[in-house]
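One structure is given here, and the rest of the page talks about it.
The values are calculated or read from the model by the stated rules, or taken from the named source; none is laboratory data. None of the values given here were measured: they were computed from a predicted structure. Virtual Cβ from ideal backbone geometry, glycine too; neighbours counted across all protein chains shown.
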Amino acid sequence: MSNHFIRTLTLCSALFLSAPVFAQSVGDRVYTADQSSNTVSVIDPVALKLLGVISLGTQAPAALSPLYKGELLVHGLGFSPDGKTLAAVSIGSNSVTLIDTATNAVRGKVYLGRSPHEAFFTPDGRELWVAVRGENYVSVVDPVHFTETRRIPVPDGPGMVLFNPKAPYAYVPSSFTPELSVIDTRTYRVVARVPQASPFSPNLAVSPQGDQVWFTLKDSGKTQVMRARPPFDITATLDSGPVTNHVALADTPTGRFAYVTVGGLNVVKVYTRDAAPRLVATIPTGALPHGAWAAPDGKRVYVGLEAADQVQIIDTASNTVTGQVPTGQLPQALVYVPGAVRSGAGTAHLQPLDSTKATLTLTLTSGSAARATVSVNPLGLVDLVQIVATGLTPNTAYVLRLTGPTGQAQDLAALMTTAQGGVTAQTIGPVKQLLNAPQGAGQLSVVAKVGGATVLVQSK
């Protein structure tokens, strides 16, 4: 055998081993669950283009009618192993809508218990498990007949459910109880209860190797790592930052990493996924990064911006934001579905984004570390206003105040900070109109309820 042949064979083998197992395809799709507009945004992740939205309902206040039949607070997303079915979870209407990814048409709907939050299919695709956060169980759904077949008891407030690709386990963190449940998928029984560092976990991710589970803690600003197999012990607790939202695991050409969205700092933090995770990058993003998912080849991570109605794209080679795509209002969960469309354009039943309802994003700052992001989402004659503030005095009452151009002040929302000094609140009113009044711009501020001292002021 010649040396030239050996060198050629070695080079080809190296290229094969280093090549991504699943390269991005034109049929792949990124979806976001848009909580305010009650839509699902459909994005081509290769062309970096919004193809349109799937309308599952209308906005408030029309959605508050006693005769309303659409979905309300579209929030969670999951998908089948073959990529042909998307599950959209609506918190306000207690439902899961199953959508054909090739045609964007609704296949069916299942109504469940109070406030379901997230859902995902089992690895064989035969069942859809739904974390019913407003109660204390996981619903098991038959996705063919659209019926609930059983309930698996867990602690109050199950936030999400994902499965181990290599072992018969499902993992369910809690949003109300400081305990993560491990369920044996063969017996539907809880086989381990893992302590969480704090009660509010909204999200988790399971490594493709089936060895790690990463889960976020929104209330304490931490991210924890546990062994995905017995003894299911916690191996790391990371101080990721205020309003830690979601985590995406990326197997990149240069290594294995975890990308954690930190809404209170408007950054994504990148950690190694070894025995002792290390922070290797902090990536500035737009307003309030929330959902996140990695492309199959690990070269890109897609991040939803809750307060900016966008998806930003992170290049994992440089760990920088390289692009953005618009979405519906208040994007929450985000998923990347490989092979969602096998033929054709995949744009049937999509509606264009309503450009007249663009979100206004504002920043409130102070002379200290305290800050707030305010998003103003048009709902017709009124607006949905959401504030996410961090760095304030813990366990203290504040008020979100709007001061008009003539000096007249109006209190929009009462705020009470957590033990970590953060607060999230929503209110409805004609705020955008007052902020952009013809006689001069209004201004938002956060003031102490007792004493009236101004602690945060809208940046110019």
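Here are the numbers for this structure:
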{"item": "Number of positions in region 298-340 that are in contact with a Pro (Cβ under 7 Å, 6 or more places away or on another chain), of a type in the set (A, V, I, L, M) and part of a loop (DSSP other than H, G, I, E, B)", "result": "0"}
{"item": "Residue that is more than 30 Å from residue 382 (Cα to Cα), out of contact with any helix residue (DSSP H, G or I) (no Cβ under 8 Å at 6 or more places or on another chain) and either assigned by TED's automatic domain parsing to the domain that holds residue 209 or in a helix (DSSP H, G or I) (or both), where the choices are 114, 107", "result": "107"}
{"item": "Number of the exception - residue 389 against (1) of a type in the set (Gly, Ala, Ser); (2) at pLDDT below 95; (3) under 23 Å from the mean Cα position of the chain (by Cα)", "result": "(2)"}
{"item": "Single residue of region 392-420 satisfying the filter (at pLDDT 95 or above and in a loop (DSSP other than H, G, I, E, B)) that is nearest to residue 372 (Cα to Cα)", "result": "392"}
{"item": "Identity of the residue in region 224-274, among the small types (Gly, Ala, Ser), part of a loop (DSSP other than H, G, I, E, B) and under 15 Å from the mean Cα position of the chain (by Cα), that ends up nearest to residue 76 (Cα to Cα)", "result": "263"}
{"item": "Residue within region 119-127 that is free of Cβ contacts under 8 Å to residues at least 40 places away in the same chain and closer than 15 Å to residue 163 by Cα present", "result": "yes"}
{"item": "Some residue of region 437-454 being part of a loop (DSSP other than H, G, I, E, B) and either buried (at least 17 other Cβ atoms within 10 Å of the Cβ) or in the same structural domain as residue 59 (by TED's automatic domain parsing) (or both)", "result": "yes"}
{"item": "Filtered residue count, region 280-295, keeping only those that are surrounded by fewer than 22 Cβ atoms within 10 Å (Cβ to Cβ) and either assigned by TED's automatic domain parsing to the domain that holds residue 375 or of a type outside the set (Val, Ile, Thr) (or both)", "result": "4"}
{"item": "Residues of region 150-179 satisfying the condition of being hydrophobic (A, V, I, L, M, F, W, C), buried (at least 24 other Cβ atoms within 10 Å of the Cβ) and farther than 15 Å from residue 232 by Cβ", "result": "160, 161"}
{"item": "Any hit, region 327-340, residues being in contact with a strand residue (DSSP E or B) (Cβ under 7 Å, 6 or more places away or on another chain), at negative phi and surrounded by fewer than 14 Cβ atoms within 10 Å (Cβ to Cβ)", "result": "no"}
